[in-house]
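Down below is the structure, laid out as structure tokens.
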Amino acid sequence: MTQEQIIEKLRTMMRKTSQAKVDWDAVNTDSPIASLGFDSLSILDLVYDIQQELGLEFEAEELVKVKTVGQLAAFLAGKQK
Amino acid sequence: MNNRRVVVSGIGVVTSLGLDETTFWQNMVAGKCGINRIKAFDIANYKAQNGAEVDNEQLASVMAARQLKASDRTVDFAMAASVEALETAGLKPADVSPQSTEMAVILGTGIGCNHTLLSANEGFEARGIKGVRPTTIPRCMANAISSQISMKFKLTGPNYVVVSACTSATTAMGIAYRMVKDGTVDLALTGGTDAVFEHRIYAGWNNLGVMAVNPLPEKSCRPFDRDRNGCVLGEGAGILVIESLESALRRKARIRGEICGFGESSDASHITHPSPEGQAKAITNALKSAGMTPKDIGFINAHGTATRTNDECESQSIRLAMGGETDRIPVASNKSFFGHTLGASGAIETIATILGLEKKIVPANLNLDNPDPACNLNFVGNEPMPVTAKTAMKNSFGFGGNNAVLVLSRYED
């Protein structure tokens with residue numbers, strides 16, 4: 001799966017879990033995840049949904065340095081076997 | 001202690017008959033039945049194949065229009081009905097007025113957030129520990145229902161969930177009524193919610209031996225009928241905004257009805273088999289709480305589950321408590337319209353009772369073709385009945401020997 005395809009899937013998953021009103025069509029690789037309406041609990045749901053949807057195994061702690069949607073997509077692309 | 005009058009100013013429903021008060025009531029008066037063959041899962045191997053399900057597309061569309069995110073199905077029902085109840089009470093959910101922030105949220109559920117719990121079980125079976133959603137606990141705890149509503153609408157009064165099987169909503173409304181009556185709060189959001197159509201939970205009901213088996217869904221639920229053979233489950237929520245009369249008048253709210261009394265009791269005998277004495281005690285306690293006698297009751301919205309045991313027992317209970325007035329009082333069950341909605345049933349049926357008092361019509365007792373001689377009451381027939389009565393009674397009886405009864409009136413100055 002390409003990073004673009006991953007971003008498209010992330011948009012859908014984030015829209016479902018986010019607590020804020022966000023213009024999801026405008027979300028791009030540079031969008032900071034912190035601006036997308038997740039709190040300490042809903043971000044756990046997002047990580048769970050990503051693992052389920054994309055079939056990837058990783059620890060939430062591995063995402064400490066991930067700040068933007070693009071960085072998250074790159075991280076997930078790297079986890080693909 | 002205060003002894004304030006308590007009125008109903010907001011109504012919200014999510015049922016198989018409609019996801020708003022108007023549609024729900026129109027369908028009841030028109031005699032439409034919301035029971036169909038169950039679609040939520042493959043029903044082929046179950047004995048009891050009929051149910052009153054909330055339409056998923058309609059629910060999604062109402063949730064989107066009311067700007068709600070899906071959580072557990074039980075919470076979703078309550079949340080969607082709460083928006084309608086707050087709006088009809090003149091309390092805009094998006095901009096809750098300062099008065100309403102002191103609202104209590106007291107809700108009932110029979111089964112609670114079982115969909116979340118059982119999907120955690122599925123996750124564990126599939127992926128082990130990592131397969132369990134990290135937010136399973138805050139999603140599946142029973143009080144998530146009232147807590148999510150309290151948070152969403154910034155309602156800072158007490159919030160909790162009452163669990164007493166099929167009396168849950170009636171008990172919750174009774175507690176909320178007492179809180180408003182004694183001045184603990186001016187307003188309360190109250191009612192109940194349940195979402196029973198999960199294949200493993202439903203298997204438990206299927207195997208319990210109390211469910212109707214009938215190839216014709218719309219004919220399967222037959223309260224008090226000679227040929228009834230069990231209950232048909234439904235899902236949904238009923239939510240009311242109740243408040244002190246002073247608060248409603250101050251806010252110039254549209255008053256829909258009045259709660260005049262609440263009574264409860266326990267059979268203290270058997271976990272599923274009811275007792276006429278226990279139920280009659282709750283009815284008598286409700287009348288006493290309202291300062292009324294059987295002469296004041298214009299009609300009864302029965303628990304009427306359509307099991308052989310319940311309907312016969314309830315008939316005896318009504319006769320025990322209402323004595324010589326019994327044969328005068330019209331009795332009807334709503335469950336042949338939208339099934340037995342368990343922990344939501346008391347609230348949805350209380351709403352139907354309040355609408356009946358307001359519009360002076362008691363909806364029909366669908367499928368009561370041949371009243372069972374063992375249920376010797378003055379039943380409403382297969383057509384709606386015009387009524388002028390000012391006061392009615394709502395019965396709810398549950399597994400566990402839980403009995404709860406409300407006395408409701410049309411509001412008059």
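The values are calculated or read from the model by the stated rules, or taken from the named source; none is laboratory data. Keep in mind the model is a prediction, meaning the values are calculated, not measured. Cβ atoms come from the backbone with ideal geometry, glycine included; neighbour counts cover every protein chain shown.
Residue count for the stretch A:59-78 under the criterion of being farther than 22 Å from A:T2 by Cα and away from chain B (no Cβ under 14 Å): the result is 1. Only one of A:K21, A:K16, A:K81 is of a type in the set (K, R) and away from every other protein chain (no Cβ under 14 Å). Can you tell me which? A:K81 is the lone residue from the list that is of a type in the set (K, R) and away from every other protein chain (no Cβ under 14 Å).
When B:A65 is tested against (1) surrounded by fewer than 24 Cβ atoms within 10 Å (Cβ to Cβ); (2) away from chain A (no Cβ under 14 Å); (3) touching a residue at least 40 places away in the same chain (Cβ under 8 Å), just one condition goes unmet, and that condition is (3).
Residues in the stretch B:151-162 that are under 22 Å from the mean Cα position of the chain (by Cα) and either surrounded by fewer than 20 Cβ atoms within 10 Å (Cβ to Cβ) or more than 13 Å from B:L187 (Cβ to Cβ) (or both): B:P158, B:Y160, B:V161, B:V162. Of all residues in the stretch A:24-58, those satisfying the criterion of being facing chain B (nearest Cβ under 9 Å) and assigned to a helix (DSSP H, G or I) are A:S42, A:L44, A:D45, A:V47, A:Y48, A:D49, A:Q51, A:Q52. Restrict the check to the stretch B:133-144 and report whether at least one residue is surrounded by 20 or more Cβ atoms within 10 Å (Cβ to Cβ), assigned to a loop (DSSP other than H, G, I, E, B) and on the phi > 0 side of the Ramachandran plot. Checked against the condition, which is being surrounded by 20 or more Cβ atoms within 10 Å (Cβ to Cβ), assigned to a loop (DSSP other than H, G, I, E, B) and on the phi > 0 side of the Ramachandran plot, the stretch B:133-144 yields no hits at all.
Among the residues of the stretch B:298-338, how many are crowded, with 18+ Cβ neighbours inside 10 Å, in a helix (DSSP H, G or I), over 15 Å from the mean Cα position of the chain (by Cα) and polar (S, T, N, Q)? Residues meeting the conditions: 5. Could you check, for the stretch B:379-402, whether at least one of its residues is part of a loop (DSSP other than H, G, I, E, B), among the hydrophobic types (A, V, I, L, M, F, W, C), modelled with pLDDT of 95 or more and closer than 24 Å to B:S265 by Cα? No, every residue in the stretch B:379-402 fails to be part of a loop (DSSP other than H, G, I, E, B), among the hydrophobic types (A, V, I, L, M, F, W, C), modelled with pLDDT of 95 or more and closer than 24 Å to B:S265 by Cα. How many of the residues making up the stretch B:90-121 are over 27 Å from the mean Cα position of the chain (by Cα), at pLDDT 95 or above and not hydrophobic (A, V, I, L, M, F, W, C)? Count: 1. The residue that is nearest to the other protein chains (Cβ to nearest Cβ), counting only those in the stretch B:117-133 that are among the aliphatic types (A, V, I, L, M) and touching a Lys or Arg at 6+ places or on another chain (Cβ under 9 Å), is B:A120. The listed residues are B:T193, B:T170, and the only one of them that is assigned to a strand (DSSP E or B) and not charged (D, E, K, R) turns out to be B:T193. Scanning the stretch B:285-300 for residues that are of a type outside the set (A, V, I, L, M, F, W, C) and within 13 Å of B:T353 (Cβ to Cβ) yields a single hit, B:G298. Within the stretch B:34-47, the set of residues being surrounded by fewer than 24 Cβ atoms within 10 Å (Cβ to Cβ) and either of a type outside the set (S, T, N, Q) or more than 20 Å from the chain's Cα centre (by Cα) (or both) comprises B:R37, B:I38, B:K39, B:A40, B:F41, B:D42, B:I43, B:A44, B:N45, B:Y46, B:K47.
Checked across the stretch B:243-250, the condition of being among the aliphatic types (A, V, I, L, M), in the same structural domain as B:G209 (by TED's automatic domain parsing), farther than 30 Å from B:V213 by Cα and in a strand (DSSP E or B) holds for no residue.
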